[in-house]
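Here's a structure for you.
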Amino acid sequence: MLKLAMDLKGKMPNKMTRKGVFKDQHFDQNLNIMYIEVDKVTEREKVTVISTINPTKDLLADVIGCQRLSEDQHKKVHQLKDLLDQILMLDSVKRISINQALQHAFIQEIF
């Protein structure tokens, strides 16, 4: 789950990682993520240490896929992406509050 979040938002700041309760289970002493996956050939778990994670997933592309959307649907999907970006903000100071989220255009506008 951490790897998926980092694929979307990039590497978590070290300050945030140090405060994590389960950091020792998921990060090494240099705060690199220890990604556990099952080897496709041997079917055994293997641990890969990943030091640099850049955002590789595009939320908008994942939501839309190869669908053809009307202009209204396209607008709504952009609003959803904007809302999710604000909700999933790593920095808690910049993250949207619950009340702000409820006032977001995606929630307020009738489709």
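The values are calculated or read from the model by the stated rules, or taken from the named source; none is laboratory data. Note that the coordinates shown come from a computational prediction; the quantities given were computed from them, not determined experimentally. Cβ placement follows ideal geometry from the backbone for every residue including glycine, while neighbour counts extend to all protein chains displayed.
Could you list, ordered by first residue, the pairs with Cβ atoms under 8 Å in which the first is in segment 53-76 and touching a residue at least 40 places away in the same chain (Cβ under 8 Å) and the second is among the β-branched types (Val, Ile, Thr) and surrounded by 10 or more Cβ atoms within 10 Å (Cβ to Cβ), at least 6 apart or interchain?
Hits for this filter: Ile53/Ile33.
If you go through segment 67-99 one residue at a time, how many are more than 16 Å from Ala5 (Cβ to Cβ) and either in a helix (DSSP H, G or I) or at pLDDT below 85 (or both)?
14
While we're looking at this one, here's another question. For residues in segment 54-100 being under 23 Å from Pro13 (Cβ atoms) and of a type in the set (Lys, Arg), which is surrounded by the most Cβ atoms within 10 Å (Cβ to Cβ)?
Here the answer is Lys81.
Among the residues of segment 1-25, which ones are in a helix (DSSP H, G or I), more than 21 Å from Ala61 (Cβ to Cβ) and without any contact (Cβ under 8 Å) to a residue 60 or more places away in the chain?
Leu2, Asn14, Lys15, Thr17, Arg18, Lys19, Lys23, Asp24, Gln25
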